[in-house]
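Trainee: Before I ask anything, let me first share the structure, which is written out below as structure tokens.
The values are calculated or read from the model by the stated rules, or taken from the named source; none is laboratory data. If you're wondering where the values come from, they're calculated on a predicted model, not measured in any experiment. We place every Cβ from the backbone using ideal geometry, glycine too, and count neighbours over all the protein chains shown.
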Amino acid sequence: MSGVRPGRFAAQIDGSFVVFLIGARINQLWAVHRWSPVTRAMPRMLRELAAQPELGLLHAEFFLSWRTLNVLQYWRSYDQLHNYAHARDRAHLPAWAEFQKRARGNTSVGIYHESYLVPAGSYETIYADMPDFGLGRAGKLVPAVGSMANAAERLRRQNS
């Protein structure tokens, strides 16, 4: 049970933020030469972002669901996410160009992303007997007691 935080906690984060989901689905398992460059690119980008917090990434977590690799990311702002994605001197743009070149005309790997702009106070969370996770790692965790004990109260408190 290493790392488990006993009890109930809620996440708090100052201001607005962005939830960014990005992933790849391996459509043809045997086409390793087509999808492996995609799977190797994301860790390189996340290392770059972790080394330079001023770029705006607050936290990222990997998830695997059979053929789909997912990365849940929290960003300080959409502008920072967009700027990183389009910066010529960062890891993303060359990786994206390489993917476009390799992916043209084949369906061995699919990709997706979703962006959610979350206004300040427009979220609620609960973590019970969990290691630090998700928005709780991007922001901070506080005991879910009193006005933080239930979902409706957490949202009301955020918006008061």
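Trainee: Would you mention how many residues in the range 138-154 are within 17 Å of the chain's Cα centre (by Cα) and either buried (at least 17 other Cβ atoms within 10 Å of the Cβ) or assigned by TED's automatic domain parsing to the domain that holds Thr39 (or both)?
Mentor: Going residue by residue through the range 138-154, those that are within 17 Å of the chain's Cα centre (by Cα) are 138-140.
Next, only the ones that are either buried (at least 17 other Cβ atoms within 10 Å of the Cβ) or assigned by TED's automatic domain parsing to the domain that holds Thr39 (or both) stay: 138-139.
Count: 2.
Trainee: Here is a further query. Those residues that are β-branched (Val, Ile, Thr) and either modelled with pLDDT of 95 or more or within 22 Å of Leu21 (Cβ to Cβ) (or both), I need them from the range 102-160; list them, please. Outline the logic, then answer.
Mentor: Step one: list which residues in the range 102-160 are β-branched (Val, Ile, Thr), which gives 107, 109, 111, 118, 125-126, 142, 145.
Within the range 102-160, Thr107, Val109, Ile111, Val118, Thr125, Ile126, Val142 qualify.
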